[in-house]
Amino acid sequence: MFYADLSLVFLGIVVLLASLISLRFGISVAIVEIVFGVIAGNLNVINIQDWMIFLSTFGGIFLTFLAGAETDVILMKKNLRESLSIGLASFFFPFFTVFILTYFFDGWSYMASLLAGAALSETAVAVVYFVLVENNLLTTDAGKRIMAATFITNLATALALSVLFFKPTLYTFLFYLISVLVIVLATKFSYLIFDNERFQNKVIEPEIKYIFMLLLIFMVFAQLGGTQAILPAFILGLLMSRRFVESTQSIEVKKRMKTVAFAFITPIFFIIGGMKLSLYFILANLPLFIVLLATRQLSKMAGIYIFARRHVEADRTYTTLLLSTGLTFGLIACLFGLSAGYLNQMQYSILTGVLIISTVIPTFIAQKWYNPLHSEDLLDVNID
């Protein structure tokens, strides 16, 4: 019991220290939390408990919902061609190159190679959203286009995983049925919660608890059906995005949801994600790790850059770097592959390591040297 309590103290210190380092050096707090997670996991100073795993899972789903809620549906429709071309290139380029490398050159099994391709093709929706929020870029055209392209990439990843590894059961169909039902009903009747004056500006936050309830329903039935709740959470956020910009009250609700998420829920998600990385297996297979990381990054960035240069000339490098990150869907896919027997511990650690490094390095470079400077920033400079 004493070790568990001491472990919680370390966790609290890591959460606070990550925020302070982020503010001091201007680095995304998500990056710092992931790095601390890697250190803590390999030094075994934090004992992962069941509630941490649950909160980490919920944090990923909550972040995905918020990312969907921040997606500008009107802009996405207006720029559908750009979003589709960038998003699909971001998926297909690394999918095929990673599959070819692992299956034909390293001798992985057919299913392990397909899963590796799907896991490393995704873009970290939670990280992209988090970074855009931190840098106040969500309201800019660049930020909205990046979120739209991220949605396309992860939709392709989710569909690929569903097609490749779908094992239909009664509970799986029940999950899809419940998800569709929840999304339809929430889209039509959420105004009963958000527009009710008796619920507005209350310290007990009924609107946030309502969203939590919907996401928990997704989680429970996804677990029952042997699948994941990320995709329906994103779609729900996407379809409810208009509601969160309809009035000052709804905008305030979204701000409070971000506060709840970023204060404690998402740090657990990023720290636990980092703790899944085993440095022992990576160091023991360092050549494969380096080649796989380079193959994934170069193919994904090449695919994105080709179309980003054509459609978002001014922000092409920032767009390429941010969309080349990978974490949320990838970690879920790897964990599924490990538990289902498609991946062994070595393959799981290498893929997880590639995902984490592919998140940390591009995000750091993008923020440090390629952060977009928009007209509103220039206006602020001129005023000063």
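The values are calculated or read from the model by the stated rules, or taken from the named source; none is laboratory data. Just so it is clear, the model here is predicted, and its values are computed rather than measured. Note that we place each Cβ from the backbone using ideal geometry, even for glycine, and neighbour counts take in every protein chain shown. In case anyone asks, the SASA skips ligands and DNA or RNA and just uses the protein heavy atoms, side chains included. Shrake-Rupley method; radii C 1.70, N 1.55, O 1.52, S 1.80 Å.
Go through the range 281-302 and report how many residues are surrounded by 17 or more Cβ atoms within 10 Å (Cβ to Cβ) and farther than 11 Å from V98 by Cβ.
Counting residues in the range 281-302 that are surrounded by 17 or more Cβ atoms within 10 Å (Cβ to Cβ) and farther than 11 Å from V98 by Cβ gives 6.
Conditions (1) β-branched (V, I, T); (2) surrounded by fewer than 19 Cβ atoms within 10 Å (Cβ to Cβ), marked per residue:
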| site | (1), (2) |
| --- | --- |
| I53 | yes, yes |
| T57 | yes, no |
| L63 | no, no |
| D72 | no, no |
| L84 | no, yes |
| G87 | no, no |
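If you go through the range 209-225 one residue at a time, how many are crowded, with 17+ Cβ neighbours inside 10 Å and either modelled with pLDDT under 90 or not in a helix (DSSP H, G or I) (or both)?
Total meeting the criteria: 2.
Could you grab me the full set of residues in the range 12-32 that are modelled with pLDDT under 90, open to solvent by less than 20 Å² (accessible area, probe 1.4 Å) and part of a helix (DSSP H, G or I)?
Result: S22, V29, A30, I31, V32.
Can you tell me which residues in the range 101-132 are assigned to a helix (DSSP H, G or I), within 30 Å of Y370 (Cβ to Cβ) and either of a type in the set (D, E, K, R) or without any contact (Cβ under 8 Å) to a residue 12 or more places away in the chain (or both)?
Of everything in the range 101-132, nothing turns out to be assigned to a helix (DSSP H, G or I), within 30 Å of Y370 (Cβ to Cβ) and either of a type in the set (D, E, K, R) or without any contact (Cβ under 8 Å) to a residue 12 or more places away in the chain (or both).
Return the residue satisfying two criteria in turn: it lies in the range 309-339 and is of a type in the set (V, I, T) and open to solvent by 20 Å² or more (accessible area, probe 1.4 Å), and of such residues it is modelled with the highest pLDDT.
Result: T317.
Test G273 against the stated conditions and say whether it is modelled with pLDDT under 85, open to solvent by less than 50 Å² (accessible area, probe 1.4 Å), touching a Ser or Thr at 6+ places or on another chain (Cβ under 9 Å) and closer than 30 Å to F105 by Cα.
Yes: the conditions hold for G273.
For the range 340-351, give me the residue count where each residue is part of a helix (DSSP H, G or I) and modelled with pLDDT under 90.
Qualifying residue count for the region: 4.
Quick check: anything in the range 54-62 more than 16 Å from the chain's Cα centre (by Cα), of a type in the set (G, A, S), part of a helix (DSSP H, G or I) and under 30 Å from W369 (Cβ atoms)?
No: the range 54-62 contains no residue that is more than 16 Å from the chain's Cα centre (by Cα), of a type in the set (G, A, S), part of a helix (DSSP H, G or I) and under 30 Å from W369 (Cβ atoms).
Condition check: more than 15 Å from the chain's Cα centre (by Cα), without any contact (Cβ under 8 Å) to a residue 60 or more places away in the chain and open to solvent by less than 20 Å² (accessible area, probe 1.4 Å). Does S7 satisfy that?
Yes.
Go through the range 269-320 and report how many residues are among the small types (G, A, S) and under 24 Å from F10 (Cβ atoms).
Number satisfying all stated conditions: 3.
May I ask you to verify whether V131 is more than 17 Å from G60 (Cβ to Cβ) and among the β-branched types (V, I, T)?
Spelling it out, it is not the case that V131 is more than 17 Å from G60 (Cβ to Cβ) and among the β-branched types (V, I, T).
Can you pull out the residues in the range 144-199 that are outside any helix (DSSP H, G or I) and open to solvent by 20 Å² or more (accessible area, probe 1.4 Å)?
Passing the criteria: F166, K167, P168, T169, D195, N196, E197, R198, F199.
Mind telling me which of the residues Y305, Y348, Y342 ends up being buried (at least 17 other Cβ atoms within 10 Å of the Cβ), in contact with a Cys (Cβ under 9 Å, 6 or more places away or on another chain) and of a type in the set (F, W, Y)?
Y348
Looking only at the range 321-344, count every residue that is of a type in the set (V, I, T) and either out of contact with any helix residue (DSSP H, G or I) (no Cβ under 8 Å at 6 or more places or on another chain) or under 17 Å from I272 (Cα atoms) (or both) and tell me the total.
2
Regarding the range 74-82, can at least one residue be identified that is crowded, with 16+ Cβ neighbours inside 10 Å, closer than 30 Å to I290 by Cα and not aromatic (F, W, Y)?
The answer is no, given that none of the residues of the range 74-82 is crowded, with 16+ Cβ neighbours inside 10 Å, closer than 30 Å to I290 by Cα and not aromatic (F, W, Y).
Go through the range 89-118 and report how many residues are of a type outside the set (V, I, T), within 28 Å of R310 (Cβ to Cβ) and open to solvent by less than 50 Å² (accessible area, probe 1.4 Å).
Residues meeting the conditions: 9.
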